[in-house]
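Structure first, then comments.
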Amino acid sequence: MSSTFSMVASHSRRTEGEDKIFAANSAAQSAAKTIGPDRVVNASVGALLDDDGSLSVLPTVIELLKNLPAEEYAAYAPIGGLPGFLEAAKKAAFGDFVPNGYIEAVATPGGSGAIRHAIWNYSEMGDAVLTSDWYWGPYKTIAEEHGRKIETYTFFDERDCFHLSSFQRKVHELLQRQNALVILLNSPAHNPTGYSLTMEEWNAVFDCLKAEAANKEKRIILFSDIAYIDFAGNPKESRAFMKLFGNLPENILTIVAFSMSKGYTLYGMRCGAMICISSRKEAAEEFKTVNQFSNRGVWSNGTRPAMTVLTKIFSDPQLLEQIEKERQVLQTLLTERAESFIQEAKRVNLKICPYKAGFFITIPCKYPDAVVAELQKEYIFTVPLGKGIRFAVCSVSKDKCTLVPQKIAAVINKLENL
Ligand SMILES: Cc1ncc(COP(=O)(O)O)c(C=O)c1O
């Protein structure tokens, strides 16, 4: 039998093995077992951890979950999600900045589920889906899994701001080639860079999209990935941009991906929602119909206990306040770690991508895989990206965040000056 023989259907043949993030994490864990956790810096994990390496949780959320009656665990949820949950998800996503328009929501297994449905239901087979050149790897996986591909624009200009002209060029170019364009935009607290678009930048994004939407044959879908919004600083300011999702031309649809993974520390419960905003009632209704259908066709219904927890939180102001307080403690921990890393990076002249908030800091470099491998020899575990390495400040103590930039700078200097 030839070495190219495969049992797998032709569209599913892949060469890629283990996810790089999970691979780095298992290497870090086995190093910790051998030499002790104190000597290991595991900056690969995309979850907020306490200084001792255990998962940070919001105690009130966990208590609510634990105290649910048996049937809340055992029963199915409706295919589209519990109605109370869908209302709560809208409140959690928009806060005080509910956009004007027809709004519908469908429950999904986290933000990932929303990405899947948006790509599948709003781009054509073979289309390019647009995102920035720094992006979360699974965007590509999900696009390719569904017969699409990712194309990118340059995220940062020479002033380390949003590269508007690159975005405009790429949107225009793709809309010359295809009639539908799904744009994945992860802000605030972008993964992997920590960038958040300013209001001015958001306005410019919509000016560009509105200009393109003058051609009524085109359909533009702005997918707003807000996975990290609850760790993006002031909860009001960080949501203000969502007002811009209202009053748009009928051929622009905005989809907000709400997730309970980070903001409610329920990563494993796989619960979130996709929420659309449209100036056309029929487009919002169609959104509900097609995405519910996709739920049924891909994973059936979502995780009922997590939905019930969110419903309870948003029907009790005291509970919500309590959770916000607990989250603030985690936000402070995260900010302190990031600040320590950034200060030290400045001191040792280590260039990083413009960070404003969030779980990750990215260090651009020429040889990411080699840098990651070299750092592993010093028991520092990071994730290689196409044009740099990702350091998860969310999972590393402040002390370690202070020690590491110098080591990274030394490795990069060594490899780039060979
Ligand atoms: C940028 C980004 N979007 C979406 C997600 C989706 O997470 P989940 O499916 O757990 O909601 C993540 C998780 O790491 C992420 O980093």
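The values are calculated or read from the model by the stated rules, or taken from the named source; none is laboratory data. This structure is a prediction, so every number in the text was calculated from the model and none was measured. Cβ placement follows ideal geometry from the backbone for every residue including glycine, while neighbour counts extend to all protein chains displayed. In case anyone asks, the SASA skips ligands and DNA or RNA and just uses the protein heavy atoms, side chains included. Shrake-Rupley method; radii C 1.70, N 1.55, O 1.52, S 1.80 Å.
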Are any of the residues in region 248-268 within 11 Å of the ligand (Cβ to nearest atom), assigned to a helix (DSSP H, G or I) and not β-branched (Val, Ile, Thr)? yes
Residue among Leu68, Leu64 that alone is among the hydrophobic types (A, V, I, L, M, F, W, C), surrounded by fewer than 17 Cβ atoms within 10 Å (Cβ to Cβ) and either touching a residue at least 40 places away in the same chain (Cβ under 8 Å) or closer than 26 Å to Ala189 by Cα (or both): Leu68
Evaluation of Leu320 against (1) assigned by TED's automatic domain parsing to the domain that holds Asp50; (2) part of a helix (DSSP H, G or I) (one fails), failing number: (1)
Taking the stated definitions as given, is His190 part of a loop (DSSP other than H, G, I, E, B), within 16 Å of the ligand (Cβ to nearest atom) and open to solvent by less than 20 Å² (accessible area, probe 1.4 Å)? yes
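Let me confirm something: among Gly84, Gly101, Gly17, Gly95, which residue is at pLDDT below 90 and open to solvent by 20 Å² or more (accessible area, probe 1.4 Å)?
Step by step, each of Gly84, Gly101, Gly17, Gly95 is checked, and only Gly17 is at pLDDT below 90 and open to solvent by 20 Å² or more (accessible area, probe 1.4 Å).
Condition check ((1) closer than 24 Å to Ala189 by Cβ; (2) part of a loop (DSSP other than H, G, I, E, B)) across all residues:
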{"position": "Ala24", "(1), (2)": "yes, no"}
{"position": "Ala28", "(1), (2)": "yes, no"}
{"position": "Ala32", "(1), (2)": "no, no"}
{"position": "Tyr73", "(1), (2)": "no, no"}
{"position": "Pro78", "(1), (2)": "no, yes"}
{"position": "Lys90", "(1), (2)": "yes, no"}
{"position": "Phe97", "(1), (2)": "yes, yes"}
{"position": "Asn100", "(1), (2)": "no, yes"}
From the list Tyr139, Tyr153, which residue is within 19 Å of Val205 (Cβ to Cβ), without any contact (Cβ under 8 Å) to a residue 40 or more places away in the chain and surrounded by 20 or more Cβ atoms within 10 Å (Cβ to Cβ)? Tyr153
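Every residue, every condition in (1) of a type in the set (S, T, N, Q); (2) open to solvent by 10 Å² or more (accessible area, probe 1.4 Å), yes or no:
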site	(1), (2)
Phe231	no, no
Asn234	yes, yes
Arg239	no, yes
Phe245	no, no
Ile252	no, no
Met260	no, no
Ser279	yes, yes
